[in-house]
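Asker: Below is the structure I would like to discuss, written out as structure tokens.
The values are calculated or read from the model by the stated rules, or taken from the named source; none is laboratory data. As the structure is a computational prediction, the values presented were derived from the model and not from experiment. Here Cβ is always computed from backbone atoms with ideal geometry, including for glycine, and neighbour counts include all displayed protein chains. Surface areas here come from the heavy atoms of the whole protein model, side chains and all, with no ligands, DNA or RNA. Shrake-Rupley method; radii C 1.70, N 1.55, O 1.52, S 1.80 Å.
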Amino acid sequence: MRKLRMRSLALLVALVLLACSLPLAAFADGGDVYINNPDPKDRLHLRKSPSTTAESLGKYYNGAPITALEDNGKGWVRVRVGNGNGSLTGWMQKKYLSQTLIPSAMPQCVCYEKTVVYQQPSRTSSCKTLETNTSVSLMGFSDTWWHILAVPEYQSAYTCFIPANTTALALVHDENPTIRAHVSNPNKNDRLHLRQTPSKDGKDLGKYYNGSVGTVLGYSEDGKWVKVDMYGRQGYMLRTYLTLEGEVNHAYYGIPTIHLTARNASLYESPDANSSHRALQQAIELKVLGLIDTEWLHVNADGVTGFVKWADTDFPRTGY
């Protein structure tokens, strides 16, 4: 019996040693990863090469959109921070990265005046203008540049750079920050159902295009549905087709622009001809957020959301 116990103990020790010697699973190339600093106020260095003594390209908050490019198997992952031309590539320590979504700790700001932003941390790189009142998330920073995620209303979000300590951005202080949910269908021409209950059999409250953004109100018990407020219209959407704050949005912007054709068209408070309404100018452009039914469209009219009658517009009557 003593020999059997000793053999069992030896086998257990051998298995433990074998487990400790196995390398950690590599991060998949092209997969989304998330900074997982134990202290959300801390930031993680993006290094020029895989070494703690290498030049730092910036320090990034939990929630910054990151894509894994290469796992060197030695504790470092080559990553891309941001998207498109406004991204930076470098190395981050693997022990501070996770493949599970981590709550965002990125400071939220608003641009209170038009200002120039750059594709790269250089004033000689291509630039564009950030419009007043654009929402901005501070992903990370260096001594001279801030790397930001700009979220223009009714446009695709993009990452870019702005000189450090700029006075154009104002920090938004919110003890109970909201989490935004972006409709993200693989096909930008498709729409996502808003359901009255967390079920595909739930009453259809409308179908929304990529680029429309709701506020997260809660989740279903199984986590497959997100309760959202879509511009005042509340219901459930499938989690699979939503990009939440801090996640990388790979979906293309898909909100159509249409025009009024009726002379006496109105913007209604709800999809009901008896609800409060105001007259609209015939030449005004409308952005179609979603299709409510075969009679009503949920739109943005010059910054104001509401409902218009489908028949009063040039929006094609197909695909509901």
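Asker: Which pairs do you get when a residue that is touching a residue at least 60 places away in the same chain (Cβ under 8 Å) and loosely packed, with under 14 Cβ neighbours inside 10 Å, found in segment 247-259, comes within reach of a residue that is part of a loop (DSSP other than H, G, I, E, B) and of a type in the set (Gly, Ala, Ser), reach meaning Cβ atoms under 9 angstrom, with the pair 6+ apart or on two chains?
Answerer: Listed by first residue and then by second, the contacts come to His250/Ser184.
Asker: Considering only residues that are polar (S, T, N, Q), part of a loop (DSSP other than H, G, I, E, B) and either out of contact with any Leu (no Cβ under 9 Å at 6 or more places or on another chain) or in contact (Cβ under 8 Å) with a residue 24 or more places away in the chain (or both), which ones fall in segment 265-294?
Answerer: Matches in segment 265-294: Ser270, Asn274, Ser275, Ser276, Thr294.
Here's the yes/no breakdown for (1) open to solvent by 50 Å² or more (accessible area, probe 1.4 Å); (2) more than 29 Å from the chain's Cα centre (by Cα):
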{"position": "Ala279", "(1), (2)": "yes, yes"}
{"position": "Leu286", "(1), (2)": "no, no"}
{"position": "Leu291", "(1), (2)": "no, no"}
{"position": "Glu295", "(1), (2)": "yes, yes"}
{"position": "Gly303", "(1), (2)": "yes, no"}
{"position": "Asp312", "(1), (2)": "no, yes"}
{"position": "Arg317", "(1), (2)": "yes, yes"}
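Asker: Assuming Thr52 fulfils every condition listed in (1) touching a Leu at 6+ places or on another chain (Cβ under 6 Å); (2) open to solvent by 60 Å² or more (accessible area, probe 1.4 Å) apart from one, which condition is it?
Answerer: Of the numbered conditions (1) touching a Leu at 6+ places or on another chain (Cβ under 6 Å); (2) open to solvent by 60 Å² or more (accessible area, probe 1.4 Å), the odd one out for Thr52 is (1).
Asker: What are the pairs, 6+ residues apart or on separate chains, where a residue within segment 44-68 that is closer than 14 Å to Thr89 by Cβ and without any contact (Cβ under 8 Å) to a residue 12 or more places away in the chain has its Cβ under 8 Å from a residue that is in a strand (DSSP E or B) and of a type in the set (Ser, Thr, Tyr)?
Answerer: Matching pairs, first to second residue: none at all.
Asker: Next up: Only residues that are at pLDDT 90 or above, among the small types (Gly, Ala, Ser) and open to solvent by 50 Å² or more (accessible area, probe 1.4 Å): list them for segment 103-160, please.
Answerer: Within segment 103-160, Ser126 is the sole residue that qualifies.
Asker: Suppose we filter segment 219-237 for residues that are assigned to a strand (DSSP E or B) and buried (at least 17 other Cβ atoms within 10 Å of the Cβ); how many remain?
Answerer: Residues that pass the stated criteria total 9.
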